[in-house]
Every structure is written in C-alpha cells, then in structure tokens.
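Student: Below is a structure I'd like to ask you about.
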C-alpha cells in the first residue's frame, strides 16, 4: 500500500482488526521508508449503504469521512485523543452497517443520534457543539435548554439507546 506521506510502497502491518462482524478489516500500517503510521480498510464490495437525508429525503452513499469531519469539529480544542475518535468512528460505522444491512438504508437522523450518544459519554462540550448543528439551534435559549438538560441527572431522551 502506498504511504500517504512519502508515497513509497513498502510497509508492514502492525495490527489488524475485524469490523462489522467480519465484513471489513481495519489495518494499522507502518511505512518501512519513513516510519509513518496510517490506517487502511479492506471491505467486501457490495451494494452501498445509502443514507436518507432528513431535510430532503434524498439518498446518498454512506461516508465515514462526513461523520469524522463533524466529530472533529465538535471535539476541536477539547481533551479528546485521536485514538478516542478512531474508536468512536469504528463503533459508529459498525453500528450503522448492522442497522442498514438488510435494507441497505439508514436515516441521517439515526446516525446523528448515535453520534450524540457517543459524544455524550465522551465529552459534554463536544456533545453540545454537535447537538447545536445536528438539531439546528437558532438562538441562545436552545443552547441554554440543552445545557440545563445536561446538568440534570439523566442523558437527554434522544440519545438514550
């Protein structure tokens, strides 16, 4: 596999992990030329999982990168490690694939709820940041209401699964 940093083709596999009940494999690799570590995925090529957008009803292929981008924005400048983010993404992707395996579809709302649930348990500030975009907060009162919900004893109803 080509190293993303130096473009050399020689690498070694450091770790392999099965994901989505054996339907994909995550491999940690190390370039033998520059020592850079990166992750590759092997998946069975099949009918793609489609995400049904809540605003338009439009369908588009599932994209792990979009979820990662949203999470990265939410945890920006927070004490959350990249490994925590990767683990969260792996769990989310596995859950999404399990839910959508029969119909090959999942709603963006379901994915958003799963992300909120993971962020709630990882970092409450990141949770509020993600919730503000996901739920489309339009004013300060909605932020205050969400923070008051967090101050209570239980997780918000929408994230409990």
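The values are calculated or read from the model by the stated rules, or taken from the named source; none is laboratory data. Keep in mind that what you see is a predicted model, and the values were worked out from it rather than measured. Because the Cβ atoms are built from the backbone with ideal geometry, glycine has one as well, and the counts that use them run over all protein chains shown.
Student: Any idea how many residues of segment 98-107 are part of a helix (DSSP H, G or I) and surrounded by fewer than 19 Cβ atoms within 10 Å (Cβ to Cβ)?
Tutor: Adding up the residues that qualify gives 2.
Student: Taking the residues in segment 54-67 that are surrounded by 13 or more Cβ atoms within 10 Å (Cβ to Cβ) and part of a loop (DSSP other than H, G, I, E, B) as candidates, determine which candidate is nearest to the chain's Cα centre (by Cα).
Tutor: Only one residue fits best here, namely 62.
Student: Output the number of the condition that residue 116 fails; it satisfies all remaining conditions of (1) in a helix (DSSP H, G or I); (2) farther than 30 Å from residue 15 by Cα; (3) modelled with pLDDT of 90 or more.
Tutor: The failed condition is (2).
Student: Of the residues 19, 32, which is modelled with pLDDT of 95 or more and farther than 28 Å from residue 135 by Cβ?
Tutor: Being modelled with pLDDT of 95 or more and farther than 28 Å from residue 135 by Cβ holds for just one of 19, 32, which is 32.
Student: For segment 18-41, does any single residue satisfy the condition of being assigned to a loop (DSSP other than H, G, I, E, B), in contact with a strand residue (DSSP E or B) (Cβ under 7 Å, 6 or more places away or on another chain), crowded, with 16+ Cβ neighbours inside 10 Å and not assigned by TED's automatic domain parsing to the domain that holds residue 121?
Tutor: no
Student: If I ask for residues that are touching a residue at least 24 places away in the same chain (Cβ under 8 Å) and over 23 Å from residue 21 (Cβ atoms), which ones from segment 53-69 would you list?
Tutor: 53, 54, 59
Student: Exactly one of (1) under 30 Å from residue 135 (Cα atoms); (2) part of a loop (DSSP other than H, G, I, E, B); (3) without any contact (Cβ under 8 Å) to a residue 24 or more places away in the chain is unmet by residue 80. Its number?
Tutor: Of the numbered conditions (1) under 30 Å from residue 135 (Cα atoms); (2) part of a loop (DSSP other than H, G, I, E, B); (3) without any contact (Cβ under 8 Å) to a residue 24 or more places away in the chain, the odd one out for residue 80 is (3).
Student: Could you list, in sequence order, the residues of segment 24-42 that are farther than 13 Å from residue 90 by Cβ and under 18 Å from the mean Cα position of the chain (by Cα)?
Tutor: Within segment 24-42, 38, 40, 42 meet the criteria.
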